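A.B. asks: This is the structure, below, for whatever I ask next.
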Amino acid sequence: MAASVHVSKVRSLYKRILVLHRFLPIDLRALGDQYVKDEFRRHKGAAAEDTKGFMTEWENYKATLQTQVLESAGERNSSVKFGANLSEGKLGSFQEDQIGQLYELMLESTKSTRQFDIQEDNK
């Protein structure tokens, strides 16, 4: 029973994040969606102690993004910034492979020609 409750919570969080990504600029949405899908897939069989931290961090991400989306709702014409800075303490707790992932994500999200060349449909 506890396993099915956990699966339900993970699935709900995953879906909520993807819904929030719909409010991001199209290129960041594509990058974010792919990253979320990869991370959740990668942690599908993770140990219980890893899962707790994983869920906590993604819940924090969801809460931050949800706040930023709501704040940006009335400011459609201005340039809204999404994301948050990481403290040195938080960075210090990352493993080496996580630092590498973060660096690659930063490079992809800040380069002028992104890997995802997506254009919105003009309806």
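The values are calculated or read from the model by the stated rules, or taken from the named source; none is laboratory data. Since we're looking at a predicted model, the values are computed, not measured. Note that each Cβ is placed from the backbone with ideal geometry, even for glycine, and that neighbours are counted across all protein chains shown. What goes into the accessible areas is simple: the full protein's heavy atoms, side chains included, and nothing from ligands, DNA or RNA. Shrake-Rupley method; radii C 1.70, N 1.55, O 1.52, S 1.80 Å.
A.B. asks: Roll a 1.4 Å probe over the protein chains and send me the accessible area per residue for the chain in Å².
C.D. replies: 76
A.B. asks: Ok, one more. Got a number for carbon plus sulfur as a percent of segment 1-112's accessible area, 1.4 Å probe?
C.D. replies: 53
A.B. asks: Right, next: Given the -39500 (n - 2.57) contribution per DSSP H run of 4+ residues, what per-residue ellipticity at 222 nm results for the chain, rounded to the nearest 500 deg cm²/dmol?
C.D. replies: About -22000 deg cm²/dmol.
A.B. asks: Give, in nm to one decimal, the length gained when the segment between ASN60 and ASP27 is fully stretched (0.36 nm per residue of separation minus the Cα-Cα distance).
C.D. replies: Gain on stretching ASN60 to ASP27: 9.7 nm.
A.B. asks: Could I ask something else about it? Given the peptides 23-29, 96-102, arrange them by the average over their residues of other C-beta atoms within 10 Å, most packed first.
C.D. replies: In descending order of packing, they fall as 23-29, 96-102.
A.B. asks: Let me ask you something else. Short version: what are the Cα gyration tensor semi-axes of segment 1-88, square root of 5 times each eigenvalue, largest first, in whole Å?
C.D. replies: 27, 13, 12
A.B. asks: For helix 48-72, what angle does its Cα long axis make with the longest principal axis of the chain, in degrees from 0 to 90 and rounded to 10?
C.D. replies: Relative to the chain, helix 48-72 is tipped by roughly 20 degrees.
A.B. asks: Using only the heavy atoms of the protein chains and a 1.4 Å probe, how would LEU18, LEU91, LEU70 rank by accessible area, largest first?
C.D. replies: LEU70, LEU91, LEU18
A.B. asks: Here's another thing I want to ask about it. At a Cα cut-off below 23 Å, give the lysines reachable from LYS81, other chains included and same-chain residues fewer than 8 away excluded.
C.D. replies: Cα-Cα hits under 23 Å: LYS15, LYS37, LYS62, LYS90, LYS111.
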